[in-house]
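All remarks here apply to the structure that follows.
The values are calculated or read from the model by the stated rules, or taken from the named source; none is laboratory data. The structure displayed is predicted, hence computed values, not measured ones. Heads up, the Cβs are rebuilt from the backbone with ideal geometry, glycines too, and the neighbour counts pull from every protein chain shown. Areas reflect the complete protein model, heavy atoms only, side chains present, ligands, DNA and RNA absent. Shrake-Rupley method; radii C 1.70, N 1.55, O 1.52, S 1.80 Å.
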Amino acid sequence: MTERAAERPRWRATHALSPWAVVTLVTAALALVPIAAIATTAMADTGSLWNHVVRYVLPQSTWNTLVLLAGSGLIATMVGTGAAWIVSAYDFRGRGVLEWALLLPLAVPTYIMAYAYLDILNPLGPVQGALRWVLGYSSPRQFRLPDMRTMWGAIVVFGFVLYPYVYLSTRAMFLTQAANVTEAARTLGVSRSGIFWRVALPLARPAIAVGVSLALMEVLNDVGASQFLGVRTLTASVYTTWIVRTDLPGATQIALGMLAIVLALLVLERWARRRQRFASTAQNARQMQREKLRGLPALIAFLLGAAPVLIGFAGPALYLMVAAIRRFEFAGLSQALIRATLNTVSVSALATLVVLSLGFAVAYAARLHAGQWSASAMRVASLGYAVPGTVLAIGILIPVAALDRTLGGLWHAWTGLSAGLLLLGSGAALIYAYAARFIAISAGGIDAGLSRIPPAYDNAARTLGQGASGTFWRVHLPLSRPALTAAGLLVFVDCMKELPATLLLRPLNFESLATLLYGEAARGTYEDAALAALLIVAIGILPVILLARTARAIR
């Protein structure tokens, strides 16, 4: 018996399939249902509508999506990597503030960023008004900036909102690079900038690939920002094909194309990290020493680090605060906003409980039944995080609507009464979508927490007469509370911010803060939506604080 096998909890050999494993398999199957439904529905005959989609919709939408992915990915890479290097390689006044402030754009969903800058950069808005005053112009006809509703506007918005994904992973890689590597480069006469290009950047390539992949998946998931900015992406085409043209098979066919792009991104991320394995020469290697900056260089470094924060967070947040105060002074809190807030909190809280329960079951089964099947089941259960919300909503709608019809028919045959839409009308389909999309956050975070609990604790509980469930309640659950709390916070905020799935699967007369904002912005009543946007951003700061504390722990 190997030492690794001896460390495993003893009940693994006696229980071939525990209830935890059953829940894991069911969760993985439910994660596959939307993808199977899309593939099946996409094979249906759509007649002339599909010819119209292929000829007039797909080419432009695909090109727009690829350009948007390339442009926003480039900005996110440059800004995130550059900011990570500035705060990791240099020491200057204000660096400690920038370390956590550079994460703040994560609190601003892309659709809120687009909504804010559309009003800020409006020809009659504050920015263009101030520029005309400085330049001596009196009318927008004399001077105006290029329209924000263009591809370049969308690229800038996505790039400056999503760069923290690259910043977070790349900064962690820079901080864990051993000092002896950079010192060896310095002894060979390599400058500080040369160390970045020839040593630090190649070593950080796996982390950059991970961050960029996450950012691009967020771009694919977006439906609000691209519509606000007038860019017809594949996600927007799925939405309009389904809602406007009522062509569900056509929408699923476009959704299959989006899944192909997601798969390509995952393959690209794996390819970018191929053969990228680096090891330190010592278990507790010294971190790279920061170069002390003073005077003008320190000011330039601070301004370069602060610029992404100003563009990606401070500007939109300040605008939302001013607009919200004006709206509140004029009309107070509307009943629609109060209802939307209660709806958002209640549904997000319920979804978080479901996601945490399923995530703990999946992670705990992986601990009890260590092996290839449990790891594969965990990966399958987490597939939804890589699937755009619009695509996931379509994949859920098809089987849930069929089940609703079946249950309604059985209820009518039994009682003679109409049951209505039990699942779609009650919000169960929306909870399903949240669970399928965000279980990866829950399972991954809890699995990381469980991995810190030594297997000896399991064996000790076993010798005291506790089974797997007893050990769970008395040992693993108490010790996993920090990981469980962190995962719950992340899931709750993501459910609250989720727009595509909520927009498409919400019950009738149900408004969340995200859908309320979307509706007001679509009507052009920006100030009416400012309070909802400000609430989303304020709550979204909570996981940013958590991430900042985690980042400080690895300094």
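So here's what we get for this one:
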{"item": "Test set (1) at pLDDT 80 or above; (2) surrounded by fewer than 22 Cβ atoms within 10 Å (Cβ to Cβ) - ALA225 fails condition number", "result": "(2)"}
{"item": "Residue selected from region 125-137 under the condition part of a loop (DSSP other than H, G, I, E, B) and either modelled with pLDDT under 80 or in contact with a Phe, Trp or Tyr (Cβ under 6 Å, 6 or more places away or on another chain) (or both), by the criterion farthest from THR65 (Cα to Cα)", "result": "TYR137"}
{"item": "Pick from region 383-441, criterion at pLDDT 85 or above and of a type in the set (Phe, Trp, Tyr), ranking: nearest to the chain's Cα centre (by Cα)", "result": "PHE438"}
{"item": "Verdict on GLY540 being closer than 17 Å to THR352 by Cβ, modelled with pLDDT of 75 or more and either under 17 Å from the mean Cα position of the chain (by Cα) or not aliphatic (A, V, I, L, M) (or both)", "result": "yes"}
{"item": "In region 317-353, the residues that are open to solvent by 50 Å² or more (accessible area, probe 1.4 Å) and under 22 Å from VAL26 (Cα atoms)", "result": "LEU350, LEU353"}
{"item": "Matching residues in region 359-382 - criterion: being farther than 17 Å from ASP494 by Cβ and outside any helix (DSSP H, G or I)", "result": "HIS369, ALA370, GLY371"}
{"item": "Residue in region 429-449 that is part of a loop (DSSP other than H, G, I, E, B), touching a residue at least 12 places away in the same chain (Cβ under 8 Å) and open to solvent by less than 40 Å² (accessible area, probe 1.4 Å) present", "result": "no"}
{"item": "So ALA521, is it part of a helix (DSSP H, G or I), farther than 19 Å from ASP119 by Cβ, small (Gly, Ala, Ser) and at pLDDT below 80", "result": "no"}
{"item": "Criterion: open to solvent by 60 Å² or more (accessible area, probe 1.4 Å) and not in a loop (DSSP other than H, G, I, E, B) - qualifying residue of LEU356, LEU299", "result": "LEU299"}
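Listed here are the residues, each with its yes/no results for (1) open to solvent by less than 10 Å² (accessible area, probe 1.4 Å); (2) among the β-branched types (Val, Ile, Thr); (3) in contact with a His (Cβ under 7 Å, 6 or more places away or on another chain).
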position	(1), (2), (3)
LEU102	yes, no, no
ILE112	yes, yes, no
TYR117	no, no, no
GLY136	no, no, no
PRO140	no, no, no
PHE143	no, no, no
ARG149	no, no, no
GLY159	yes, no, no
SER169	no, no, no
